[in-house]
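Input: a single structure, listed below in structure tokens.
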Amino acid sequence: MPGFELFGESERAHVNDVLNTGIIMRYGFDGPRKGIWKSKELEAAISNKLGAQYTQVVSSGTAALVTALAAMGVGSGDEVIMPTFTFVASFEAVITVGAVPVLVDVDDTLTLDPAAVRAAITPKTKVIMPVHMCGSMSDMDALMQICKEHKLLLLEDACQSTGAKFKGKYLGTIGDAGTFSFDFVKTVTCGEGGAITTNSEEIWRKCDGFSDHGHDHLGVDRGADLHPFLGYNFRISELHAAVGLAQFNRLDEFLAIMKRNYDALKSALAEVPEISFRRIPDPSGDSHTHVSWFLPTREATANAVALLKAEGQIAGSIYWYDHNWHYIRNWAHLKTAASLNELHPDQKKAVIHHANKDFSASDAVIGRSVSTQISLLWSEEQAREKGEKMAQVIKKSLSGEVIKLKI
Ligand SMILES: *Cc1c(COP(=O)(O)O)cnc(C)c1O
């Protein structure tokens, strides 16, 4: 997945353009910046490539989520339906805007189970927020249909799936808005950065203002801008945008390498009869950042993971069930709504209620699931070898080689 594996000349050249003018802020300073507008260029590049009418680049994927939710009018009293398997930023953003994250089960796509979404809708539901985890996608047809029937907004968290598509459309451009992360471990990186895409001029205008203290950006200069609503500073710097622009322009190159290595690694793993793979609603649209695979039981999976670790083959593979950052099981802080600032009592009560429901259906999937990250640095041969070595160890673990290690 990580673009940081392939830094080079073009990243350096774009950064130098900015350093040569010394204007590292994205707005204003029109004269001294000598026509260098990296953030605006990155926004145009994202809109053009992904086929979105508008893009707002911000300081992180988390900032993108907060900004998008605010721009969609989400706040106090609203509920946002989201999956039990995501990154903590997804619920952080919902809580930040004063709303309540309603966690629901994932299915074998490792994303929102549409039936669980339907069951969770209440009069307070405002947004459905699928998270396109590990390079692949949610069933967008099913979710769009639910949104249409119930007049809900759809916000795609595509932070882990830049460049993936569903039925020919890039993820993040299908719902009312989409968010992307360019943090250091994402497909395209600029250190810290993020983006919101939308086809709604109104949502974009609100994102544009909200991420810059509410500036309307219509004044003759920054001092003359008006402030139609409150906002925050979620601006990206020109230095980050410069790296992001270089990396984003290499997206197709990264996607092609990942596909080649994914195919090689996956076909080696497929030699193990007990292994099955994540269901992908549109396999041709996968961005191939990870091969996500299952064993038949949670115990078999835990044993295989322990043996992979013991035999030095665990690097790049994550057993989500035990992971602290991506799955409900270890989100103690969400389950107690532990927050430094006091949440509104109603919000706190609702957060705790929804975070402590029965997620055994998610456990049944995530407890059997491992994702193996695809490196941009492998040759095809190295990807195959990696898969073959892993397959050997997994077979050994299935044949009864149980390691009593704490994993
Ligand atoms: C990385 C990530 C984010 C947050 O992005 P940052 O740029 O790290 O703030 C949000 N959602 C998901 C699913 C992510 O993986």
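The table that follows gives values for the structure above.
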item	result
Any hit, the stretch 155-167, residues being more than 15 Å from the ligand (Cβ to nearest atom) and in a helix (DSSP H, G or I)	no
Residue in the stretch 232-253 that is open to solvent by less than 20 Å² (accessible area, probe 1.4 Å), in contact with a helix residue (DSSP H, G or I) (Cβ under 9 Å, 6 or more places away or on another chain), part of a loop (DSSP other than H, G, I, E, B) and in the same structural domain as residue 103 (by TED's automatic domain parsing) present	yes
Selected residue (criterion: least open to solvent (accessible area, probe 1.4 Å)) from residues of the stretch 197-228 that are of a type in the set (A, V, I, L, M) and free of Cβ contacts under 8 Å to residues at least 60 places away in the same chain	224
Residue count for the stretch 179-202, restricted to those that are assigned to a strand (DSSP E or B) and near the ligand (Cβ under 8 Å from one of its atoms)	3
Close pairs from the stretch 116-133: first farther than 17 Å from residue 166 by Cα, partner away from the ligand (no atom under 15 Å from the Cβ) and open to solvent by 40 Å² or more (accessible area, probe 1.4 Å), Cβ under 6 Å, at least 6 apart	121/150; 127/153
Any helices (runs of 4 or more DSSP H) falling wholly within the stretch 1-92 and containing at least 1 residues that are free of Cβ contacts under 8 Å to residues at least 40 places away in the same chain and more than 30 Å from residue 124 (Cα to Cα)	9-21, 38-50
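The values are calculated or read from the model by the stated rules, or taken from the named source; none is laboratory data. Note that the structure is predicted; figures quoted are calculated from it, not measured. Note: ideal-geometry Cβ built from the backbone for every residue, glycine included; neighbour counts use all protein chains shown. Just the protein is used for accessible areas: all its heavy atoms, side chains included, with ligands, DNA and RNA removed. Shrake-Rupley method; radii C 1.70, N 1.55, O 1.52, S 1.80 Å.
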